[in-house]
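Data first, discussion second: the structure below is written as C-alpha coordinates.
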Amino acid sequence: MSLLDRLEQLKQRLSTRPQFKRPQSQRAPSRDPYVFQIGFDFGTSYSKCVIRDRDKAFVFSFDLQGKTEFLLSSSILYRDGFFSTNTANQLYPEHGLWYIKMALVELAHRNFSAPVLERFNKAAGAAPGSIKLQNFVLSAALFYLSRALGKIRSFILMRYPDYGKHERDDMFVTMAIPVSNMADRETETLFLRLLKKAWAMACTDSPMAESASWKEMASLIAKPAPALRECKVYPEVSANIQVFLHSPASPGRTTNIYLVTDIGAGTVDQCCFTFYNRDREEDKLNYLSAQVFDLGSSVIDQLCARDYGHDVEYWRKQKENGSEDKHLHRVLDHVSLVLSNNFVAVSLKELTDHLYRGNGLSPDNTVCRLCYILFSGGGDMDHPYHTAVLNGLRRKMGLPIREVMDGSYTEQWESRIINVQKPGDLELPKGCESWMKRLLVAYGLSFYDLPGNRFPDETAIVQNRG
(Lines give C-alpha, C1' and ligand atoms only; values in the text may rest on other atoms or scores of the structure.)
Protein backbone atom coordinates (compact mmCIF):
# COMPACT_ATOMS: atom_id res chain seq x y z
CA MET A 1 0.00 0.00 0.00
CA SER A 2 1.35 3.33 -1.01
CA LEU A 3 1.94 6.14 1.45
CA LEU A 4 -0.92 8.10 -0.12
CA ASP A 5 -3.34 5.19 0.43
CA ARG A 6 -2.29 4.83 4.09
CA LEU A 7 -2.90 8.54 4.73
CA GLU A 8 -6.36 8.30 3.17
CA GLN A 9 -7.20 5.28 5.34
CA LEU A 10 -6.06 7.11 8.49
CA LYS A 11 -8.20 10.11 7.54
CA GLN A 12 -11.32 7.91 7.21
CA ARG A 13 -10.62 6.20 10.54
CA LEU A 14 -10.32 9.51 12.36
CA SER A 15 -13.52 10.83 10.79
CA THR A 16 -15.51 7.88 12.21
CA ARG A 17 -14.20 8.22 15.83
CA PRO A 18 -16.80 9.37 18.38
CA GLN A 19 -16.61 13.10 19.00
CA PHE A 20 -16.39 14.34 22.61
CA LYS A 21 -17.60 17.79 23.54
CA ARG A 22 -15.31 19.92 25.67
CA PRO A 23 -16.88 20.71 29.04
CA GLN A 24 -18.30 24.20 28.99
CA SER A 25 -16.67 26.66 31.36
CA GLN A 26 -18.64 27.29 34.50
CA ARG A 27 -20.89 30.28 34.16
CA ALA A 28 -20.04 33.29 36.29
CA PRO A 29 -22.38 33.64 39.27
CA SER A 30 -25.19 36.16 39.00
CA ARG A 31 -23.93 38.09 42.04
CA ASP A 32 -21.83 41.25 41.87
CA PRO A 33 -18.08 40.64 42.04
CA TYR A 34 -16.42 40.60 45.44
CA VAL A 35 -13.97 43.46 45.85
CA PHE A 36 -12.35 43.07 49.26
CA GLN A 37 -10.26 45.89 50.67
CA ILE A 38 -8.03 44.65 53.49
CA GLY A 39 -6.97 47.26 56.03
CA PHE A 40 -3.93 45.79 57.77
CA ASP A 41 -2.63 47.60 60.84
CA PHE A 42 0.88 46.17 61.22
CA GLY A 43 1.44 46.85 64.90
CA THR A 44 4.52 46.83 67.10
CA SER A 45 3.05 44.31 69.55
CA TYR A 46 -0.16 43.15 67.86
CA SER A 47 -1.57 43.51 64.36
CA LYS A 48 -5.23 44.07 63.52
CA CYS A 49 -7.25 43.78 60.34
CA VAL A 50 -10.59 45.07 59.02
CA ILE A 51 -11.91 43.82 55.67
CA ARG A 52 -14.35 45.81 53.56
CA ASP A 53 -16.78 44.42 51.01
CA ARG A 54 -18.28 47.50 49.36
CA ASP A 55 -20.63 49.10 51.91
CA LYS A 56 -19.91 46.82 54.88
CA ALA A 57 -16.83 45.83 56.85
CA PHE A 58 -15.91 43.00 59.21
CA VAL A 59 -13.01 42.14 61.51
CA PHE A 60 -10.43 39.40 61.02
CA SER A 61 -10.68 37.08 64.02
CA PHE A 62 -9.58 33.61 65.00
CA ASP A 63 -10.11 31.04 67.71
CA LEU A 64 -7.48 30.80 70.44
CA GLN A 65 -8.11 28.19 73.12
CA GLY A 66 -11.86 28.45 72.69
CA LYS A 67 -11.92 32.26 72.72
CA THR A 68 -12.51 34.57 69.77
CA GLU A 69 -9.43 36.76 69.35
CA PHE A 70 -8.70 39.64 66.98
CA LEU A 71 -5.22 40.70 68.11
CA LEU A 72 -2.57 38.84 66.13
CA SER A 73 0.80 38.88 67.88
CA SER A 74 3.49 40.64 65.85
CA SER A 75 6.16 38.35 67.32
CA ILE A 76 7.63 35.23 65.72
CA LEU A 77 9.98 32.52 66.93
CA TYR A 78 13.54 31.88 65.76
CA ARG A 79 15.68 28.91 66.66
CA ASP A 80 18.44 26.90 64.96
CA GLY A 81 18.18 28.81 61.69
CA PHE A 82 14.38 28.55 61.34
CA PHE A 83 11.58 31.09 61.74
CA SER A 84 8.23 29.78 62.99
CA THR A 85 4.84 31.26 63.76
CA ASN A 86 3.90 32.28 67.28
CA THR A 87 0.95 29.90 67.61
CA ALA A 88 0.46 30.75 71.30
CA ASN A 89 0.00 34.41 70.24
CA GLN A 90 2.30 35.62 73.04
CA LEU A 91 3.75 39.11 73.19
CA TYR A 92 7.20 38.09 74.44
CA PRO A 93 7.59 34.36 73.65
CA GLU A 94 10.65 32.31 74.50
CA HIS A 95 13.08 32.31 71.53
CA GLY A 96 10.97 35.16 70.17
CA LEU A 97 11.68 38.10 67.90
CA TRP A 98 9.47 41.06 68.71
CA TYR A 99 9.12 44.73 67.71
CA ILE A 100 9.73 43.72 64.08
CA LYS A 101 8.04 46.86 62.77
CA MET A 102 10.26 49.19 64.77
CA ALA A 103 13.34 47.19 63.74
CA LEU A 104 12.37 47.84 60.11
CA VAL A 105 12.03 51.57 60.78
CA GLU A 106 15.52 51.71 62.31
CA LEU A 107 16.84 49.75 59.34
CA ALA A 108 15.25 52.20 56.89
CA HIS A 109 16.82 55.12 58.78
CA ARG A 110 20.14 53.25 59.04
CA ASN A 111 20.11 53.70 62.81
CA PHE A 112 21.95 50.46 63.47
CA SER A 113 22.77 51.26 67.10
CA ALA A 114 19.08 51.39 68.09
CA PRO A 115 18.31 49.23 71.17
CA VAL A 116 15.44 47.50 69.37
CA LEU A 117 17.99 45.83 67.05
CA GLU A 118 20.03 44.26 69.85
CA ARG A 119 17.85 41.14 70.05
CA PHE A 120 18.11 40.68 66.27
CA ASN A 121 21.90 41.09 66.42
CA LYS A 122 22.12 38.38 69.07
CA ALA A 123 19.77 35.95 67.32
CA ALA A 124 21.56 36.31 63.97
CA GLY A 125 25.04 36.32 65.45
CA ALA A 126 25.67 39.47 63.45
CA ALA A 127 27.60 42.66 64.03
CA PRO A 128 25.55 45.88 64.36
CA GLY A 129 24.87 47.40 60.95
CA SER A 130 26.24 44.42 59.04
CA ILE A 131 24.69 43.10 55.84
CA LYS A 132 23.98 39.90 57.75
CA LEU A 133 21.91 41.79 60.33
CA GLN A 134 19.96 43.70 57.68
CA ASN A 135 19.20 40.49 55.81
CA PHE A 136 18.06 38.81 59.02
CA VAL A 137 15.63 41.62 59.96
CA LEU A 138 14.16 41.70 56.44
CA SER A 139 13.82 37.90 56.39
CA ALA A 140 12.05 37.91 59.77
CA ALA A 141 9.68 40.65 58.61
CA LEU A 142 8.88 38.84 55.35
CA PHE A 143 8.16 35.63 57.23
CA TYR A 144 5.82 37.39 59.65
CA LEU A 145 3.95 39.43 57.04
CA SER A 146 3.49 36.53 54.62
CA ARG A 147 2.06 34.29 57.35
CA ALA A 148 -0.18 37.01 58.80
CA LEU A 149 -1.57 37.96 55.38
CA GLY A 150 -1.96 34.29 54.51
CA LYS A 151 -4.16 33.80 57.60
CA ILE A 152 -6.24 36.84 56.69
CA ARG A 153 -6.73 35.65 53.11
CA SER A 154 -7.73 32.16 54.31
CA PHE A 155 -10.21 33.77 56.72
CA ILE A 156 -11.85 35.62 53.81
CA LEU A 157 -11.99 32.48 51.65
CA MET A 158 -13.63 30.50 54.46
CA ARG A 159 -16.24 33.22 54.89
CA TYR A 160 -16.80 33.54 51.13
CA PRO A 161 -16.17 30.06 49.64
CA ASP A 162 -17.40 31.14 46.19
CA TYR A 163 -14.68 33.79 45.90
CA GLY A 164 -12.96 33.48 42.53
CA LYS A 165 -15.99 32.15 40.64
CA HIS A 166 -16.67 35.60 39.26
CA GLU A 167 -13.95 36.71 36.88
CA ARG A 168 -13.89 40.16 38.47
CA ASP A 169 -13.52 39.03 42.09
CA ASP A 170 -10.52 40.79 43.61
CA MET A 171 -8.66 41.60 46.83
CA PHE A 172 -6.64 44.68 47.72
CA VAL A 173 -4.51 45.31 50.79
CA THR A 174 -3.41 48.57 52.40
CA MET A 175 -0.89 48.39 55.23
CA ALA A 176 -0.16 51.02 57.86
CA ILE A 177 3.32 52.52 58.01
CA PRO A 178 4.80 54.66 60.83
CA VAL A 179 5.61 57.87 58.94
CA SER A 180 4.34 61.42 59.39
CA ASN A 181 5.72 63.39 56.45
CA MET A 182 6.62 63.16 52.78
CA ALA A 183 10.36 63.16 53.45
CA ASP A 184 10.45 59.64 54.90
CA ARG A 185 10.57 57.86 51.54
CA GLU A 186 13.01 55.22 52.81
CA THR A 187 10.48 53.77 55.27
CA GLU A 188 7.64 53.92 52.76
CA THR A 189 9.69 52.18 50.05
CA LEU A 190 10.92 49.43 52.38
CA PHE A 191 7.48 48.60 53.79
CA LEU A 192 5.83 48.59 50.35
CA ARG A 193 8.48 46.26 48.93
CA LEU A 194 7.99 43.81 51.80
CA LEU A 195 4.20 44.03 51.52
CA LYS A 196 4.26 43.14 47.81
CA LYS A 197 6.51 40.14 48.40
CA ALA A 198 4.48 38.94 51.37
CA TRP A 199 1.16 39.31 49.54
CA ALA A 200 2.48 37.36 46.54
CA MET A 201 3.46 34.55 48.93
CA ALA A 202 0.09 34.69 50.70
CA CYS A 203 -1.84 34.32 47.43
CA THR A 204 -0.53 30.83 46.63
CA ASP A 205 -3.11 28.03 46.56
CA SER A 206 -1.23 25.67 48.88
CA PRO A 207 -1.28 26.32 52.66
CA MET A 208 1.77 28.14 53.98
CA ALA A 209 4.15 26.22 56.22
CA GLU A 210 4.30 27.26 59.88
CA SER A 211 8.09 27.47 59.66
CA ALA A 212 10.75 28.40 57.13
CA SER A 213 14.52 28.63 57.17
CA TRP A 214 16.37 31.91 57.24
CA LYS A 215 18.09 30.75 54.05
CA GLU A 216 14.74 30.34 52.28
CA MET A 217 13.52 33.78 53.37
CA ALA A 218 16.84 35.38 52.42
CA SER A 219 16.57 33.98 48.89
CA LEU A 220 13.14 35.61 48.55
CA ILE A 221 14.43 38.92 49.91
CA ALA A 222 17.10 38.93 47.20
CA LYS A 223 14.50 38.77 44.42
CA PRO A 224 12.82 41.91 43.00
CA ALA A 225 9.42 42.80 44.43
CA PRO A 226 6.52 41.91 42.11
CA ALA A 227 4.58 44.80 40.56
CA LEU A 228 1.28 44.29 42.37
CA ARG A 229 -1.29 47.04 41.89
CA GLU A 230 -3.38 45.67 44.76
CA CYS A 231 -0.78 46.56 47.42
CA LYS A 232 -0.52 50.00 49.00
CA VAL A 233 0.88 51.55 52.16
CA TYR A 234 -0.63 54.48 54.05
CA PRO A 235 0.45 56.49 57.12
CA GLU A 236 -1.20 55.07 60.22
CA VAL A 237 -1.35 58.54 61.77
CA SER A 238 -3.53 59.68 58.84
CA ALA A 239 -5.75 56.59 58.85
CA ASN A 240 -7.16 57.72 62.20
CA ILE A 241 -8.92 60.62 60.50
CA GLN A 242 -11.04 58.29 58.36
CA VAL A 243 -12.50 56.62 61.45
CA PHE A 244 -13.67 59.92 62.84
CA LEU A 245 -15.21 61.04 59.57
CA HIS A 246 -17.25 57.83 59.25
CA SER A 247 -18.29 57.62 62.89
CA PRO A 248 -21.93 58.30 63.86
CA ALA A 249 -20.49 60.96 66.18
CA SER A 250 -18.96 62.87 63.28
CA PRO A 251 -20.30 66.42 63.36
CA GLY A 252 -22.12 68.37 60.71
CA ARG A 253 -21.25 72.02 60.34
CA THR A 254 -18.50 72.84 62.80
CA THR A 255 -15.34 74.85 63.22
CA ASN A 256 -13.92 72.55 65.89
CA ILE A 257 -10.32 71.39 65.74
CA TYR A 258 -9.93 67.69 66.47
CA LEU A 259 -6.77 66.29 68.04
CA VAL A 260 -6.40 62.50 67.87
CA THR A 261 -3.73 60.84 70.01
CA ASP A 262 -3.36 57.16 69.11
CA ILE A 263 -1.17 55.24 71.57
CA GLY A 264 0.34 52.03 70.28
CA ALA A 265 3.06 49.81 71.67
CA GLY A 266 5.83 51.48 69.69
CA THR A 267 4.68 54.99 68.89
CA VAL A 268 2.28 57.76 69.84
CA ASP A 269 0.64 59.15 66.68
CA GLN A 270 -0.95 62.59 66.82
CA CYS A 271 -2.99 64.26 64.12
CA CYS A 272 -5.00 67.50 64.09
CA PHE A 273 -7.67 68.41 61.57
CA THR A 274 -10.87 70.30 60.93
CA PHE A 275 -13.79 68.77 59.08
CA TYR A 276 -16.71 70.58 57.51
CA ASN A 277 -19.66 68.44 56.50
CA ARG A 278 -21.58 70.72 54.20
CA ASP A 279 -24.72 68.62 54.05
CA ARG A 280 -25.17 67.75 50.38
CA GLU A 281 -22.12 69.65 49.27
CA GLU A 282 -18.62 68.23 49.13
CA ASP A 283 -16.98 67.60 52.51
CA LYS A 284 -13.88 69.66 53.28
CA LEU A 285 -10.99 68.29 55.31
CA ASN A 286 -8.15 70.53 56.51
CA TYR A 287 -5.27 68.33 57.68
CA LEU A 288 -3.21 70.53 59.97
CA SER A 289 -0.70 68.42 61.89
CA ALA A 290 0.69 64.88 62.02
CA GLN A 291 3.49 63.60 64.22
CA VAL A 292 4.85 60.21 65.26
CA PHE A 293 6.72 59.99 68.58
CA ASP A 294 8.64 56.91 69.74
CA LEU A 295 6.90 56.91 73.12
CA GLY A 296 4.45 54.00 72.86
CA SER A 297 3.49 51.86 75.83
CA SER A 298 6.25 49.28 75.27
CA VAL A 299 8.82 52.06 75.70
CA ILE A 300 7.77 52.21 79.35
CA ASP A 301 8.57 48.50 79.75
CA GLN A 302 11.93 48.91 77.99
CA LEU A 303 13.02 51.91 80.06
CA CYS A 304 12.10 50.17 83.31
CA ALA A 305 13.99 47.01 82.31
CA ARG A 306 17.03 49.03 81.24
CA ASP A 307 17.24 51.18 84.36
CA TYR A 308 15.83 48.99 87.14
CA GLY A 309 16.36 45.34 86.17
CA HIS A 310 13.83 42.54 85.49
CA ASP A 311 12.67 41.82 81.94
CA VAL A 312 10.13 43.70 79.83
CA GLU A 313 7.37 41.17 80.54
CA TYR A 314 7.70 41.80 84.29
CA TRP A 315 7.31 45.55 83.82
CA ARG A 316 4.45 45.13 81.35
CA LYS A 317 2.48 43.24 83.99
CA GLN A 318 3.37 45.80 86.67
CA LYS A 319 2.17 48.60 84.40
CA GLU A 320 -1.07 46.91 83.34
CA ASN A 321 -1.90 45.91 86.93
CA GLY A 322 -1.57 49.51 88.13
CA SER A 323 1.43 48.85 90.36
CA GLU A 324 2.53 51.61 92.73
CA ASP A 325 6.20 50.71 92.20
CA LYS A 326 8.20 53.93 92.57
CA HIS A 327 10.54 53.02 89.70
CA LEU A 328 7.61 52.46 87.36
CA HIS A 329 6.06 55.81 88.30
CA ARG A 330 9.36 57.57 87.80
CA VAL A 331 9.38 56.29 84.21
CA LEU A 332 5.70 57.18 83.72
CA ASP A 333 6.40 60.75 84.86
CA HIS A 334 9.39 60.94 82.52
CA VAL A 335 7.41 59.72 79.48
CA SER A 336 4.58 62.14 80.27
CA LEU A 337 6.97 65.09 80.46
CA VAL A 338 8.81 64.18 77.23
CA LEU A 339 5.56 63.68 75.33
CA SER A 340 4.09 66.92 76.68
CA ASN A 341 7.19 68.84 75.58
CA ASN A 342 7.03 67.26 72.11
CA PHE A 343 3.32 67.94 71.87
CA VAL A 344 3.82 71.65 72.58
CA ALA A 345 7.03 72.15 70.59
CA VAL A 346 6.13 70.05 67.54
CA SER A 347 2.45 69.07 67.20
CA LEU A 348 0.93 72.32 68.43
CA LYS A 349 3.49 74.39 66.55
CA GLU A 350 2.69 72.64 63.26
CA LEU A 351 -1.02 73.01 64.01
CA THR A 352 -0.82 76.76 64.65
CA ASP A 353 1.45 77.28 61.63
CA HIS A 354 -1.06 75.65 59.31
CA LEU A 355 -4.00 77.38 60.93
CA TYR A 356 -2.42 80.76 60.36
CA ARG A 357 -1.41 80.15 56.76
CA GLY A 358 -4.38 78.06 55.71
CA ASN A 359 -7.33 79.75 57.37
CA GLY A 360 -6.25 83.18 58.55
CA LEU A 361 -7.26 82.46 62.15
CA SER A 362 -5.62 83.63 65.37
CA PRO A 363 -3.75 80.39 66.08
CA ASP A 364 -3.14 80.15 69.84
CA ASN A 365 -6.54 81.43 70.96
CA THR A 366 -8.30 79.29 68.37
CA VAL A 367 -6.56 76.11 69.54
CA CYS A 368 -7.41 76.73 73.19
CA ARG A 369 -11.01 77.63 72.40
CA LEU A 370 -11.92 75.06 69.75
CA CYS A 371 -9.71 72.00 70.33
CA TYR A 372 -11.46 68.68 71.07
CA ILE A 373 -9.48 65.62 72.07
CA LEU A 374 -9.75 61.94 71.24
CA PHE A 375 -7.57 59.15 72.69
CA SER A 376 -7.33 55.72 71.09
CA GLY A 377 -5.10 52.67 70.76
CA GLY A 378 -4.25 49.60 72.78
CA GLY A 379 -1.61 51.43 74.83
CA ASP A 380 -3.91 54.23 76.02
CA MET A 381 -3.43 55.15 79.70
CA ASP A 382 -4.46 58.18 81.75
CA HIS A 383 -0.89 58.62 82.92
CA PRO A 384 1.40 59.27 81.09
CA TYR A 385 -0.61 59.95 77.91
CA HIS A 386 -3.69 61.92 78.94
CA THR A 387 -1.61 63.94 81.39
CA ALA A 388 0.89 64.80 78.64
CA VAL A 389 -1.72 66.15 76.23
CA LEU A 390 -3.84 67.98 78.79
CA ASN A 391 -0.85 69.57 80.49
CA GLY A 392 0.45 70.61 77.07
CA LEU A 393 -2.80 72.42 76.39
CA ARG A 394 -2.73 74.02 79.85
CA ARG A 395 0.76 75.33 79.11
CA LYS A 396 -0.54 76.71 75.82
CA MET A 397 -3.20 78.59 77.78
CA GLY A 398 -0.64 79.89 80.28
CA LEU A 399 -2.05 77.78 83.12
CA PRO A 400 0.07 75.80 85.60
CA ILE A 401 0.42 72.11 84.81
CA ARG A 402 -1.00 69.55 87.19
CA GLU A 403 -0.97 65.80 87.50
CA VAL A 404 -4.15 64.36 86.02
CA MET A 405 -4.44 60.84 87.38
CA ASP A 406 -7.14 58.19 86.98
CA GLY A 407 -9.39 60.31 84.79
CA SER A 408 -9.78 63.10 87.36
CA TYR A 409 -9.88 65.90 84.80
CA THR A 410 -11.16 69.38 85.37
CA GLU A 411 -14.67 69.96 84.08
CA GLN A 412 -13.28 72.11 81.30
CA TRP A 413 -11.25 69.29 79.75
CA GLU A 414 -13.69 66.51 80.55
CA SER A 415 -16.20 68.12 78.21
CA ARG A 416 -13.52 68.38 75.50
CA ILE A 417 -12.63 64.65 75.48
CA ILE A 418 -14.78 62.77 72.98
CA ASN A 419 -15.11 59.13 71.93
CA VAL A 420 -15.54 57.53 68.53
CA GLN A 421 -18.68 55.44 68.33
CA LYS A 422 -18.75 52.21 66.36
CA PRO A 423 -19.36 53.00 62.67
CA GLY A 424 -22.65 51.65 61.38
CA ASP A 425 -21.01 49.71 58.54
CA LEU A 426 -18.64 47.73 60.80
CA GLU A 427 -19.72 44.27 61.90
CA LEU A 428 -18.37 43.17 65.29
CA PRO A 429 -19.00 39.83 67.00
CA LYS A 430 -21.60 40.02 69.75
CA GLY A 431 -20.16 41.30 73.00
CA CYS A 432 -16.98 42.59 71.34
CA GLU A 433 -17.76 46.31 71.16
CA SER A 434 -14.68 46.98 73.31
CA TRP A 435 -12.52 45.99 70.32
CA MET A 436 -13.31 49.27 68.58
CA LYS A 437 -10.68 51.35 70.37
CA ARG A 438 -7.92 49.16 68.94
CA LEU A 439 -9.39 48.88 65.45
CA LEU A 440 -9.38 52.54 64.44
CA VAL A 441 -6.35 52.38 62.15
CA ALA A 442 -7.37 49.09 60.50
CA TYR A 443 -10.87 50.43 59.91
CA GLY A 444 -9.50 53.64 58.42
CA LEU A 445 -7.32 51.63 56.04
CA SER A 446 -10.28 49.57 54.83
CA PHE A 447 -11.67 52.32 52.58
CA TYR A 448 -11.13 51.96 48.85
CA ASP A 449 -10.20 55.56 48.06
CA LEU A 450 -8.18 57.14 50.84
CA PRO A 451 -7.37 60.86 50.49
CA GLY A 452 -4.41 61.69 48.31
CA ASN A 453 -3.13 64.36 50.70
CA ARG A 454 -1.72 61.88 53.19
CA PHE A 455 0.31 64.43 55.18
CA PRO A 456 -0.17 68.01 56.43
CA ASP A 457 2.82 69.18 54.37
CA GLU A 458 1.02 67.99 51.23
CA THR A 459 -2.04 69.95 52.32
CA ALA A 460 0.11 73.02 52.92
CA ILE A 461 1.60 72.75 49.43
CA VAL A 462 -1.87 72.69 47.91
CA GLN A 463 -2.96 75.68 49.99
CA ASN A 464 0.13 77.70 49.14
CA ARG A 465 -0.34 77.06 45.43
CA GLY A 466 -3.86 78.36 45.74
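Out of Lys197, Lys215, I need the residue that is of a type in the set (Lys, Arg), on the phi < 0 side of the Ramachandran plot, in a helix (DSSP H, G or I) and exposed (fewer than 15 other Cβ atoms within 10 Å of the Cβ). Which one? Quick ask: steps written out before the conclusion?
On the way: Lys197 fails: exposed (fewer than 15 other Cβ atoms within 10 Å of the Cβ).
After ruling out the rest, the residue left standing is Lys215.
Do we have Ala114 as surrounded by fewer than 15 Cβ atoms within 10 Å (Cβ to Cβ) and not assigned by TED's automatic domain parsing to the domain that holds Phe293 here? It would help to see each step written out before you state the result.
Numbers: surrounded by fewer than 15 Cβ atoms within 10 Å (Cβ to Cβ): no; not assigned by TED's automatic domain parsing to the domain that holds Phe293: yes.
No.
Restricting attention to the stretch 93-111, the residues that are over 17 Å from Asp184 (Cα atoms) and free of Cβ contacts under 8 Å to residues at least 40 places away in the same chain total 4.
Among Ala88, Ala103, Ala148, which is within 20 Å of Met208 (Cα to Cα), part of a helix (DSSP H, G or I) and small (Gly, Ala, Ser)?
On the way: Ala88 fails: part of a helix (DSSP H, G or I); Ala103 fails: within 20 Å of Met208 (Cα to Cα).
Only one candidate qualifies: Ala148.
Surrounded by 14 or more Cβ atoms within 10 Å (Cβ to Cβ) and part of a loop (DSSP other than H, G, I, E, B): is that true of Lys165 in this structure? Break it down stepwise before answering.
Values: surrounded by 14 or more Cβ atoms within 10 Å (Cβ to Cβ): yes; part of a loop (DSSP other than H, G, I, E, B): yes.
Judged against the criteria, Lys165 is a match.
Quick one: which of Val299, Val346, Val367, Val338 is in a helix (DSSP H, G or I), touching a Ser or Thr at 6+ places or on another chain (Cβ under 7 Å) and in the same structural domain as Thr267 (by TED's automatic domain parsing)? Steps first, answer last, please.
Numbers: Val299 fails: touching a Ser or Thr at 6+ places or on another chain (Cβ under 7 Å); Val346 fails: touching a Ser or Thr at 6+ places or on another chain (Cβ under 7 Å); Val338 fails: touching a Ser or Thr at 6+ places or on another chain (Cβ under 7 Å).
From the options Val299, Val346, Val367, Val338, the qualifying one is Val367.
Tell me, which residue of the stretch 412-445 that is part of a helix (DSSP H, G or I) and touching a helix residue (DSSP H, G or I) at 6+ places or on another chain (Cβ under 7 Å) is farthest from Arg54 (Cα to Cα)?
My answer is Trp413.
Could you tell me whether Ser130 is more than 26 Å from Val237 (Cα to Cα), free of Cβ contacts under 8 Å to residues at least 40 places away in the same chain and not assigned by TED's automatic domain parsing to the domain that holds Ala218?
Working: more than 26 Å from Val237 (Cα to Cα): yes; free of Cβ contacts under 8 Å to residues at least 40 places away in the same chain: yes; not assigned by TED's automatic domain parsing to the domain that holds Ala218: no.
So Ser130 does not fit the description; no.
The values are calculated or read from the model by the stated rules, or taken from the named source; none is laboratory data. It should be emphasised that the depicted structure is a prediction, and the values quoted were computed from it without experimental measurement. No Cβ is skipped: glycine too gets one built from the backbone with ideal geometry, and neighbour counts run over all protein chains shown.
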